[in-house]
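A short worksheet on the structure shown next.
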Amino acid sequence: MNRCTSIFALMLFASGVFAQDSSMKVEENGEVISGNSWLTHTQLGEGIWVINDNQQDNVYLVEGDRLALVIDTGIGFQNLKTYVQSITAKPLVVVNTHGHPDHAGGNHVFDEVHIHKNELDVLGYYTSEPVMKDTYNRFAGTLMPDHLLDKNKNTAALILIDEGFQFDLGNRTLKVIHLPAHSPGSIALYDTKSHHLFTGDAANQHVWLQIKYALSVEDFLISIRKLLGSQEPVNLLLPGHGEPLKPDHLNVLAAGAEKIIAGKCEVTPYDSPLGKEISCHHKDVVIVYKKENIKATSKK
Ligand SMILES: [Zn+2]
């Protein structure tokens, strides 16, 4: 089974997935000093790596001639900056696809992080100490590491970006595409060199639209159609959870959303630790949503 769109969803499928390797010792600053690494990585192509955040989420590293872009910062358990510097010697630029704790939880080890200008409330809420602590405790037992309890560590300066912003890494450019739905400031990043699209949680297999700050099913469809209508060739989707997806996956997501909007999707109960929700299953896609949040925000 592919991983879900959110750290929260993982609990539904494998409650033990957070179980920490008891041999691993992590210092105050997030360095692993013995035992297996929380982070592991695989090279996906020329200058592209996926960093596995201990099965919680995917962090990506994309290297140009001058700079390397870190796409998301994971849950922040192990020091991502040090880990990434073991892969590339290039100066780092960092971006969050959105502000959820499994994508921005490691921001504190970097000096600067780029994030969409509409995502500040989401980031502030989900990376606040009480919510991070609750997230860890509810889904990960007692795993919340001490260094994340220190508010003073969350000091990355935020650089606000919007649609069309480009990361010029040197002979490689990644373009920001704003895709509001899973959160208001969710983005994808399009690599003009590889033609891969890094989608965060905006377009994967397990879509969560029921959570705080999420927009409607119609808003989700608008964002997916925006990708489908792009003139840029896409040969692979690289989501924030799970395995790479073929571009046709976008058509499946759109069809699932269209079924919900047309009232033609059989509603399936969806119980999560966050409450009782409803979902629509369409082919290999699950869209979780609230029945009162189908119409686009602008139509309400
Ligand atoms: Zn998310």
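All of the numbers you see were taken from the coordinates with simple rules; none came from a lab. Computed from a prediction, not measured in an experiment: that's the story for all the values here. For neighbour counting, all protein chains shown are included, and Cβ atoms are generated from backbone atoms with ideal geometry for every residue, glycine included.
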Completion exercise
Violations at 26 Å Cα threshold for listed pairs K25/K276; K25/K133; K193/K283 -> K25/K276; K193/K283
Handout entry: Contact order relative to length of segment 165-242, as percent, for alpha carbon pairs under 8 angstrom and 6 or more apart
Key = 31 percent
Handout entry: Residue order, fewest to most beta carbons within 10 Å, for S186, S272, S230, S86
Key = S86, S230, S272, S186
Exercise for the section: Starting from the amide H of V94, placed 1.01 Å from N in the peptide plane, find each other amide H under 5 Å away whose residue is 5 or more places distant or on another chain. Expected result: V70, H114
Problem - Whole-Hz couplings from phi, Karplus 6.51/-1.76/1.60, listed for segment 184-197; x for Gly and Pro - result: x, x, 5, 10, 10, 10, 9, 8, 6, 8, 8, 6, 8, 10
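For each of Y125, Y60, count neighbouring Cβ atoms within 10 Å of the residue's Cβ, then give the residues from fewest to most.
Details: Y125 15, Y60 24.
Placing the least packed residue first, the sequence is Y125, Y60.
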Completion exercise
For K117, the aspartates and glutamates lying under 15 Å Cα to Cα, once residues fewer than eight places off in the same chain are dropped, come out as D162, E163
Fill in the blank from the handout: Given unit charges at Cβ for Lys, Arg (+) and Asp, Glu (-), the dipole magnitude of segment 176-228 about its Cα centre in debye, nearest 20, is 80 debye
Practice task
Using amide H atoms built 1.01 Å from N in the peptide plane, name the residues 5+ places from I161, or on other chains, whose amide H lies under 5 Å from its own.
Solution key: I115, H116, K117
Practice task
Measure off 7 Å from each Cα along the Cα-to-Cβ vector at N36 and L120, then give the distance between these two points in nanometres to one decimal.
Solution key: 4.2 nm
Handout entry: Under Karplus coefficients 6.51, -1.76 and 1.60, residue-wise ³J(HN,Hα) of segment 206-219 in Hz, glycine/proline x
Key = 10, 8, 10, 10, 8, 8, 3, 6, 5, 8, 7, 5, 5, 4
Exercise for the section: List the residues whose amide H sits under 5 Å from the amide H of N79, counting only those 5 or more places along or on another chain, with H placed 1.01 Å from N in the peptide plane. Expected result: E31, V32
Problem - Whole-Hz couplings from phi, Karplus 6.51/-1.76/1.60, listed for segment 165-172; x for Gly and Pro - result: 4, 10, 9, 8, 8, x, 6, 6
Handout entry: Relative contact order (percent, whole number), segment 191-297, Cα cutoff 8 Å, 6+ residue spacing
Key = 35 percent
Problem - Cross-link pairs beyond the 22 Å C-alpha cut-off, checked among K90/K246; K264/K290; K259/K295 - result: K90/K246
Problem - Proximal charge balance of Y213 [Cβ under 11 Å; K/R count +1, D/E count -1] - result: -1
